[in-house]
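Colleague: Sending over a structure as structure tokens; questions will come in a sec.
The values are calculated or read from the model by the stated rules, or taken from the named source; none is laboratory data. Just so we're clear, the structure is a prediction, and the values are computed from it rather than from any experiment. Every residue, glycine as well, gets a Cβ built from its backbone with ideal geometry; the counts of neighbours run over all protein chains shown. Just so you know, the surface numbers come from the protein's heavy atoms only, side chains and all, with ligands and any DNA or RNA stripped out. Shrake-Rupley method; radii C 1.70, N 1.55, O 1.52, S 1.80 Å.
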Amino acid sequence: MVVNRPAAADVTDVFQKLFEAQYPIERMTLIDDFGADDEASMRANNSSAFNFRVVKGSKKLSAHARGLAVDINPLYNPYVRVMKDDTTVVQPEAGRPYADREGIYPFRIDADDLAVKLFKAKGWSWGGDAWAYSSDDSEGYHDYMHFSYMGE
């Protein structure tokens, strides 16, 4: 997993503790193995960090492009955004069955999850907490796979 130097000690410590706890991570390979295709990596439930890309639908570099974000088990912990017209955007699209967070399934991350507790203890934010969106076409979103470094 490739991360920016300021985030490296936190990520190393969190993943060491997750390893010791036998935390289930299905796959962790470089985004290069997917041709830097974020959707393909997420569909494969690949946990990753660095990927030089913009935020979908914008020109702004993603926190992943700066090596300051980590996604864990993304297929089972998708990005979910409910639009004001009641349509739901899910990424990866293959993760749609897991957008309903009431279900019980492997690799599910919730507020009581060890990864959430460990990253938050380091001062990172978790995308499963409701995040505001900068446009008026949705109420906000959840990105259940996503952890962002807040140290900068």
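Colleague: Just to be sure before I move on: is ARG43 open to solvent by 30 Å² or more (accessible area, probe 1.4 Å) and of a type outside the set (Phe, Trp, Tyr) in the structure I sent?
Modeller: yes
Colleague: Something else about it: Could you go through the stretch 64-84 and let me know if any residue there is within 22 Å of ASP10 (Cα to Cα), small (Gly, Ala, Ser), in a loop (DSSP other than H, G, I, E, B) and under 14 Å from the mean Cα position of the chain (by Cα). Spell out how you get there, then give the answer.
Modeller: Of the stretch 64-84, the ones within 22 Å of ASP10 (Cα to Cα) are 64-74, 77.
Still in the list and also small (Gly, Ala, Ser): 65, 67, 69.
Of the ones still in play, those that are also in a loop (DSSP other than H, G, I, E, B) are 65, 67.
Now drop any that are not under 14 Å from the mean Cα position of the chain (by Cα), which leaves 65, 67.
There is at least one residue in the stretch 64-84 that is within 22 Å of ASP10 (Cα to Cα), small (Gly, Ala, Ser), in a loop (DSSP other than H, G, I, E, B) and under 14 Å from the mean Cα position of the chain (by Cα).
Colleague: Continuing with the same structure: From the list LYS60, LYS84, LYS56, LYS17, which residue is of a type outside the set (Ser, Thr, Tyr), open to solvent by 70 Å² or more (accessible area, probe 1.4 Å) and under 14 Å from HIS146 (Cβ atoms)?
Modeller: On the way: LYS60 fails: under 14 Å from HIS146 (Cβ atoms); LYS84 fails: under 14 Å from HIS146 (Cβ atoms); LYS17 fails: under 14 Å from HIS146 (Cβ atoms).
Criteria check complete, one pass: LYS56.
Colleague: Where residues in the stretch 88-97 are over 14 Å from the mean Cα position of the chain (by Cα) and either over 21 Å from MET42 (Cα atoms) or open to solvent by less than 70 Å² (accessible area, probe 1.4 Å) (or both), which of them is modelled with the highest pLDDT?
Modeller: So, considering only residues that are over 14 Å from the mean Cα position of the chain (by Cα) and either over 21 Å from MET42 (Cα atoms) or open to solvent by less than 70 Å² (accessible area, probe 1.4 Å) (or both), the one modelled with the highest pLDDT is ALA94.
Colleague: I need the full set of residues from the stretch 107-122 which are surrounded by 11 or more Cβ atoms within 10 Å (Cβ to Cβ) and over 15 Å from the mean Cα position of the chain (by Cα), in order please.
Modeller: ALA121, LYS122
Colleague: Report whether or not ASN73 is in contact with a Gly (Cβ under 8 Å, 6 or more places away or on another chain) and of a type in the set (S, T, N, Q).
Modeller: Spelling it out, it is not the case that ASN73 is in contact with a Gly (Cβ under 8 Å, 6 or more places away or on another chain) and of a type in the set (S, T, N, Q).
Colleague: Of the numbered conditions (1) assigned to a strand (DSSP E or B); (2) modelled with pLDDT under 95; (3) open to solvent by less than 30 Å² (accessible area, probe 1.4 Å), ASN51 satisfies every one except a single condition; which is it?
Modeller: Condition not satisfied by ASN51: (1).
Colleague: Considering each residue of the stretch 98-142, count those that are modelled with pLDDT of 95 or more and not in a loop (DSSP other than H, G, I, E, B), and give that number.
Modeller: 11
Colleague: Looking at ALA7 and the list (1) within 17 Å of the chain's Cα centre (by Cα); (2) not in a helix (DSSP H, G or I), which single condition is not satisfied?
Modeller: Only one criterion is unmet by ALA7, namely (2).
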